[in-house]
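Worksheet for the structure shown next.
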Amino acid sequence: MNAKSARAAGFQLGALGLGLVALTALGLAVVAGRPAGNPGPGRTLDVVLIELAAGLLYLAAAALVVRRPLPAGAVWIVLAAALAMRALLLPIAPPLSSDLYRYVWDGRVQAAGINPYRFIPADPRLAFLRDHAVFPHINRAHTARTIYPPTAEAVFRLAAWIAPGVAGMKAVMLGCDLVVIAGLVALLRLADRPPAQVLLYAWAPMPVWEFAGNGHVDALAAAFVTLALLAAARARRGLAGALLAAATLVKFLPAAIAPAFWRRWDLRLVGVFVATIGLLYAPYLGVGARVLGFLPGYAAQEGLLSGRGVFLLDLLRLVAPLPGWAGAAYTAALAAILAALALAYGFGPPLPAAPPDRVRVLARQGAVLGTVALVGVSPHYPWYFGWLVPLVCLAPAPALLYLVGASVLLTLDPVHHLGIAALVYLPTAALASGSWLAVRRRR
């Protein structure tokens, strides 16, 4: 009976994989012929609808691999469909974002021996680097220096050397995406779980479209997070600290999960983390404080400093006006919650010695920290959740699976249409609360 059930589950898995590949091909047909770069808010509804349909198939497949016995070769079905989806999207110009053009530009600037934090792209001193393929598509070319931290910049420089151009940069980001998949298979084996559960990452529509399609650098952060988990699962604390630092200097937000790796008086992890941060910043410090690039301006522009653009505060403003200090108070409260979780984990029980238990604890605690940080900040773009998806793969929960699937809605301008953000964050909060209450009742 079990063998028959496993074969039936294998056929269902294959059918769902074919459906996802077909939807990816449909999405490719929809974006074919569109101008490269960011199409602007509200003009991507067709692609988002396709991604949402893919999300339904993804959730069905996730339930299948988590709850049903699968045949031994199921992982090859998962990997074949994952590679097919990515192969379809790799050759096209980024259809929904222009960020990749900034990556290529920053790599080109560094290849010319210039600090990427020094000039805006439109600066006359960089005129000799301009072309018609990349420069016209760079966002904020006339107003902002680069925003990306040193790990990202170092990889942009490497890509400019080994594979210059948009196609080369996309290939590098896809390579990072494949590192995540390989690392997750290794982690699942360490955790004594079926490797086919890599589907929870590999078939998620958001990474497929944002990494293979748009080439977002968050794939690099996801790769470093996955490798840090692998190092920590094998008790390589110093290496885990270095990899966490590298992930942090791709997009900063992955720093939120560092307390899941740390236990009281673990000076090695902390020391290596801090030293790696310093080493990565060192080559760029010639510009002084400008090494932060456009980050302060971006935080202000996105409303992260004033609180305008933060979902929970925007929701409260619908009920009553908020004082000017509400944004600062909210930031302090979010920091306090993350600090409380960090202390609870860091000064709690030590990480288990057995690799399967260690992987589960690391993933669960990292997923909690990462989700609190991301939902608290409430990013306006789906790819910001990309580095969290490897943790979702290892610590699946209804709230996280919904968040990953629904995040594609953020493509539709959640700043000016609060209902879009509500569809992402409110059900996530409800599902998380329900899971927490269920655990409390069982205990």
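Restricted to the range 144-172, and to residues that are in a loop (DSSP other than H, G, I, E, B) and hydroxyl-bearing (Ser, Thr, Tyr), which residue is nearest to LEU243 (Cα to Cα)? Spell out how you get there, then give the answer.
So in the range 144-172, the residues in a loop (DSSP other than H, G, I, E, B) come out as 144-149, 163-165.
In the following step, the residues that additionally are hydroxyl-bearing (Ser, Thr, Tyr) were identified as 146, 148.
Details: THR146: 23, TYR148: 17 Å.
For the range 144-172, the residue satisfying everything is TYR148.
Would you mind listing the helices (runs of 4 or more DSSP H) fully within the range 41-143 where at least 2 residues are closer than 30 Å to LEU188 by Cα, aliphatic (A, V, I, L, M) and touching a residue at least 12 places away in the same chain (Cβ under 8 Å)?
Values: elements: 45-67, 74-89, 99-111.
Answer list for the range 41-143: 45-67, 74-89.
Mind telling me which of the residues GLY241, GLY175 ends up being crowded, with 24+ Cβ neighbours inside 10 Å, of a type outside the set (S, T, N, Q), part of a helix (DSSP H, G or I) and modelled with pLDDT of 95 or more?
On the way: GLY175 fails: crowded, with 24+ Cβ neighbours inside 10 Å.
Matching residue, one of GLY241, GLY175: GLY241.
Tell me which of these GLY327 doesn't satisfy, since it passes every other one: (1) assigned to a helix (DSSP H, G or I); (2) surrounded by 14 or more Cβ atoms within 10 Å (Cβ to Cβ); (3) at pLDDT 90 or above.
(3)
Just for the range 368-398: of the residues that are touching a Pro at 6+ places or on another chain (Cβ under 8 Å) and farther than 22 Å from ARG308 by Cα, which one is surrounded by the fewest Cβ atoms within 10 Å (Cβ to Cβ)?
Among those residues, the one meeting the criterion is LEU369.
List pairs: first residue in the range 334-355 and loosely packed, with under 12 Cβ neighbours inside 10 Å, second residue among the aliphatic types (A, V, I, L, M) and part of a loop (DSSP other than H, G, I, E, B) anywhere in the structure, Cβ distance under 9 angstrom, at least six positions apart or on different chains.
ALA353/ALA235
Out of the range 276-323, which residues are of a type outside the set (A, V, I, L, M, F, W, C), loosely packed, with under 12 Cβ neighbours inside 10 Å and under 27 Å from LEU410 (Cβ atoms)?
Passing the criteria: only PRO321.
Which residue pairs have Cβ atoms under 9 Å apart, sit 6 or more places apart or on different chains, and have a first residue in the range 392-404 that is farther than 15 Å from GLY366 by Cα and a second that is part of a helix (DSSP H, G or I) and polar (S, T, N, Q)?
Final answer for the pair search is PRO398/SER435; TYR402/THR428; LEU403/THR371; LEU403/THR428.
Between a first residue in the range 285-314 that is closer than 19 Å to ALA141 by Cβ and a second residue that is surrounded by 15 or more Cβ atoms within 10 Å (Cβ to Cβ) and among the small types (Gly, Ala, Ser), which pairs have beta carbons less than 7 Å apart while being 6 or more apart in sequence or on different chains?
Every condition considered, the pairs that remain are PHE294/ALA144; GLY297/ALA144; GLU302/GLY309.
The values are calculated or read from the model by the stated rules, or taken from the named source; none is laboratory data. Small disclaimer: the values here were computed from a predicted structure and weren't measured. Neighbour counts are summed over all protein chains in view; Cβ atoms, including those assigned to glycine, are modelled from backbone coordinates with ideal geometry.
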